[in-house]
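J.: Below are the structure tokens for one structure; questions will follow.
Throughout, read-outs are computed from the coordinates displayed, never taken from laboratory work. Just so it is clear, the structure is predicted and the values come from calculations on it, not from any experiment.
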Amino acid sequence: MGKKQDKKEKEREKEREKERAKERVKEKIREEMREEAREEAFTPLQEVTVDCFCHAANGYNSDALRLDCEGMNDLNDAASAFFRIPVFFSHQNLFTLGPPQPPLSPEQQFIIRMFNEIKKVLLFPRTLPNTDQYPNTTLENVRRIVKSSYGTAAVLLKPTGPTGLGEPYSPFLQIEPAMSYQYGLPILLVKQSTIQAGGVWGDAGPLAPFTPLIWFSSSTTVDQFFDSVQWKEALQNWAAQVRNGFFIQTDPEFKYSC
């Protein structure tokens, strides 16, 4: 009788030791991921994602692990877009501004940096066809994204060469800001000094209310431009107009109390 109890106790101790070993592995992986993330703070969802990786050390099925982790990553990505108001980000195709592979040109870096700057003020930059695409003509797609956004940011940079029709840049860089103005959206324009463009971009003479910021790329780096007071002031003013318009348009149509 005593031998059976001793045997059961040993088995229970082995099970407890296995659980402690699993916890040690999990904690080690958490520590490694925290070090890789450096100063980035973990959210509860990210902690769950860490546990997904920990299952691999416990003999978890690899396909199930992949699906679980993909699901958690999708949830994390969705959570990161909370409270972001949709805006239209009008820009040239990155492949017209530099090489298809890194290292990227300053113009390509400018587009990516501006995209991230808009995200930092809790706005969601939408572009065609990167984030949105509809089964219509290009002009209809532009109209749809303009009418479903609360502001437009547009940037015109010097491309590596003319379009297939010999144009200096895509005519949609004129059309999209103009359609946004017609719909009454707040507009933020940025233009590189090394490209000449009339119309909304102002090189043929100021065309109110279009007043683009100028990036003097020959003397100002990408980081210097986005760290400048001029850019920060313009971005914050535009974002405030976007957010104000969003709240006005999403208020109830009728008020039932004073």
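J.: Full extension from LYS7 to ILE195: what is 0.36 nm times the residue separation minus their Cα-Cα distance, to one decimal in nm?
T.: On the way: separation 188, 0.36 × 188 = 67.68 nm, distance 8.31 nm.
Net length gain for the segment: 59.4 nm.
J.: Read phi for every residue in the stretch 98-107 and hand back ³J(HN,Hα) as whole Hz from Karplus 6.51 cos²θ - 1.76 cosθ + 1.60, θ = phi - 60°, with x for Gly and Pro.
T.: Result, ordered by residue: x, x, x, 10, x, x, 7, 6, x, 5 Hz.
J.: Would you grab the residues whose amide H sits under 5 Å from the one on LYS191? Only those 5+ places off in sequence or on another chain, please, with H modelled 1.01 Å from N.
T.: Placed amide hydrogens put LEU156, LEU213, ILE214, TRP215 under 5 Å from LYS191.
J.: Still on this structure, I have one more. Report, as a whole number in µm² per second, the diffusion coefficient that Stokes-Einstein gives for the stretch 101-253 at 4 °C and 1.567 mPa s using the Kirkwood radius over alpha carbon pairs.
T.: The estimated diffusion coefficient comes to 78 µm²/s.
J.: As a quick test, which of the pairs LYS119/LYS255; LYS120/LYS158; LYS120/LYS255 have an alpha carbon distance above 28 angstrom in this structure?
T.: Numbers: LYS119/LYS255 33 Å; LYS120/LYS158 25 Å; LYS120/LYS255 33 Å.
Beyond 28 Å: LYS119/LYS255; LYS120/LYS255.
J.: Work out how much length ALA21 to THR211 would gain on full extension: take 0.36 nm times their residue separation and subtract the Cα-Cα distance, in nm to one decimal.
T.: Length gained, ALA21 through THR211: 62.1 nm.
J.: If amide hydrogens are placed 1.01 Å from N in the peptide plane, which non-local residues have theirs closer than 5 Å to the one on VAL87?
T.: It is PHE124, ARG126, TYR150, by chain and number.
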